[in-house]
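*Asks:* First, the structure itself, so that you have it in front of you.
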Amino acid sequence: MNFTIRLAVLYDGAEENSNSGPIGEWYYTYQVSGGNTGKRQYKSAHPGASLEFSQKAKNILKKNSKYYLSMYMKADADTEPIIEIQGGNAKIIKTQKAKLNNQGYQRVDILINNTEATPIENIVI
């Protein structure tokens with residue numbers, strides 16, 4: 001059996017209670033109590049909810065490397081949102097559907113290739 005333990009390269013748990021988080025600017029979201037740390041979490045019912053990476057965050061991600069986007073998500077009812085990873089000029093790098101419900105948090109993992117030609121810039125949920 002093989003396994004790997006890795007630490008997060010970038011992390012935002014909404015603890016700062018601001019739309020300007022440690023990895024970028026959140027749009028169409030707000031912060032409420034709760035989350036995986038028990039402090040704060042982002043919440044949105046808007047179809048354009050998104051995160052625009054800051055230049056500092058983009059500089060941390062190595063080009064031509066693969067990264068996992070890991071999120072713990074839940075919904076108020078059964079839903080299947082599409083998560084879209086975008087590069088510059090809103091070019092779609094990857095999309096993935098998530099099955100969510102109100103029965104608790106579900107982990108969503110998306111493998112993303114951060115290329116020199118199309119680096120990761122936005123996450124739209």
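The values are calculated or read from the model by the stated rules, or taken from the named source; none is laboratory data. Quantities reported herein were computed from a predicted structural model and do not represent experimental measurements. Neighbour counts are summed over all protein chains in view; Cβ atoms, including those assigned to glycine, are modelled from backbone coordinates with ideal geometry.
*Asks:* Only one of 80, 52 is charged (D, E, K, R), under 17 Å from residue 12 (Cα atoms) and either at pLDDT 95 or above or surrounded by 17 or more Cβ atoms within 10 Å (Cβ to Cβ) (or both); which?
*Replies:* So the residue among 80, 52 that is charged (D, E, K, R), under 17 Å from residue 12 (Cα atoms) and either at pLDDT 95 or above or surrounded by 17 or more Cβ atoms within 10 Å (Cβ to Cβ) (or both) is 52.
*Asks:* Next up: Just give me the residues in the stretch 10-24 being more than 18 Å from residue 70 (Cα to Cα) and exposed (fewer than 15 other Cβ atoms within 10 Å of the Cβ), in sequence order.
*Replies:* 16, 17, 18, 20
*Asks:* When the stretch 96-118 is examined, which residues are found to be exposed (fewer than 14 other Cβ atoms within 10 Å of the Cβ) and within 14 Å of the chain's Cα centre (by Cα)?
*Replies:* Hits for the stretch 96-118 are 97, 107, 109, 111.
*Asks:* Report every pair of residues separated by at least 6 positions or lying on different chains whose Cβ atoms are under 7 Å apart, first residue within the stretch 63-77 and on the phi > 0 side of the Ramachandran plot, second at pLDDT 95 or above and surrounded by 11 or more Cβ atoms within 10 Å (Cβ to Cβ).
*Replies:* Once the first residue is on the phi > 0 side of the Ramachandran plot and sits in the stretch 63-77, its partners that are at pLDDT 95 or above and surrounded by 11 or more Cβ atoms within 10 Å (Cβ to Cβ) give 64/115.
*Asks:* Another question about this same structure. Could you tell me which numbered condition residue 74 fails, if it satisfies all but one of (1) closer than 16 Å to residue 122 by Cα; (2) at pLDDT below 95; (3) not small (Gly, Ala, Ser)?
*Replies:* Here residue 74 clears every test but (1).
*Asks:* Which residue pairs have Cβ atoms under 6 Å apart, sit 6 or more places apart or on different chains, and have a first residue in the stretch 22-36 that is among the aliphatic types (A, V, I, L, M) and a second that is not in a strand (DSSP E or B)?
*Replies:* 23/10; 23/12; 23/57
*Asks:* Based on what the data block shows, is residue 65 modelled with pLDDT of 95 or more and within 14 Å of the chain's Cα centre (by Cα)?
*Replies:* Answer is no for this residue.
*Asks:* Okay, moving on. Name the one entry in 39, 74, 62 that is among the charged types (D, E, K, R), surrounded by 11 or more Cβ atoms within 10 Å (Cβ to Cβ) and under 22 Å from residue 99 (Cα atoms).
*Replies:* 74
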